[in-house]
Amino acid sequence: MDKDIAIDLLKLIDESFKDKNSKSEILRRDIELLKSGKATYKEVNDLAIEVGQNLSHSINEFVTAKSLPNEKMYFNISNRLMNHTLKNNYDIVTGYASDVQNQLNQVANLHLKAQVPDFNQEKVKGLVERLTAAETFDDIKWILDEPLVTFTQSIVDDSIQKNVEFQAKAGLQPRITRTVVGKPCDWCKNLAGSYSYNKAPDDIYRRHERCRCVVDYNPGDGRKQNVWTKDWK
């Protein structure tokens with residue numbers, strides 16, 4: 001019986017990933033800001049980028065054409081690799097995002113629990129299918145770089161969207177802000193701005209590869225608006 005290399009690869013990747021995270025100044029700073037009650041979704045986004053990059057570096061450290069059978073990423077390997085590592089990133093990011101959200105709710109005098117988005121299995125499935133479909137690993141290895149960072153950032157965007165929609169349905173008036181970073185493209189420039197929930201662009205939570213835009217939001221002051229009378233209380 002052929003050796004199951006996925007087990008050994010995942011062990012090596014996990015060890016490298018944990019080591020990189022433990023030595024990260026960015027993650028250490030984000031944790032300290034959370035402890036002091038000063039973390040926002042900007043820190044959640046920074047954490048997601050760092051975790052995504054650390055994962056990409058750890059995977060590329062051990063997953064190479066030579067480490068794979070016939071220099072190809074077969075389904076049984078890609079499926080376990082992507083689901084295991086990206087679910088781990090999901091747990092890290094949603095855990096931190098929930099803590100930040102609960103603090104924001106408390107500051108806004110909202111007695112609401114942070115909402116957690118579902119793990120986006122469809123996106124993972126898409127990555128697995130593309131890795132598996134390639135003739136050789138070298139043809140598709142780029143997908144283990146920036147796309148993993150973008151996926152991890154999308155967890156932040158999903159977290160914001162989940163909480164914004166939940167609070168809007170509760171009668172609150174959350175405000176969403178998208179800020180460009182670096183040298184943005186025209187598409188990102190057009191999305192930049194601060195919006196009330198019902199006036200936000202449809203693409204406010206979307207991002208392209210290598211996009212570093214920051215999506216943030218303010219839950220408001222805890223007041224609710226009666227949808228019929230428009231009175232605040």
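Derivation of every value follows stated rules applied to the coordinates shown; laboratory data play no part. Just so it is clear, the structure is predicted and the values come from calculations on it, not from any experiment. Here the Cβ positions follow ideal geometry from the backbone for every residue, glycine too, while neighbour counts run over all protein chains shown.
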- Item | Cα centroid separation, region 1-71 to region 103-141 (Å) | 15
- Message: Give me the percent relative contact order of the chain, please, defined on Cα pairs under 8 angstrom at least 6 residues apart.
- Response: 22
- Taking region 26-75, which trypsin sites (Lys or Arg not before Pro) meet the DSSP loop condition and have no more than 12 other C-beta atoms within 10 Å? K38, K66
- Message: Amide H of Y217 versus every other amide H placed in the peptide plane: which residues, excluding those fewer than 5 positions away on the same chain, fall under 5 Å?
- Response: Y41, T177
- Task: Using only C-alpha atoms and all pairs of different ones, pull out the Kirkwood radius for region 5-170 in Å with one decimal.
- Result: 16.8
- Query: When N is the residue count of region 117-214, what does its C-alpha Rg come to as a fraction of 2.2 N^0.38 Å?
  - Reply: 1.28
- Taking the convex hull of Cα positions in region 23-84, its mean projected area over all directions (nm²): 5.2
- Message: Quick check on the exposure proxy: order W187, W142 from fewest to most C-beta atoms within 10 angstrom.
- Response: W142, W187
- Query: Which FRET efficiency, nearest 0.05, do N190 and K125 yield, Cβ-Cβ r, R0 30 Å?
  - Reply: 0.50
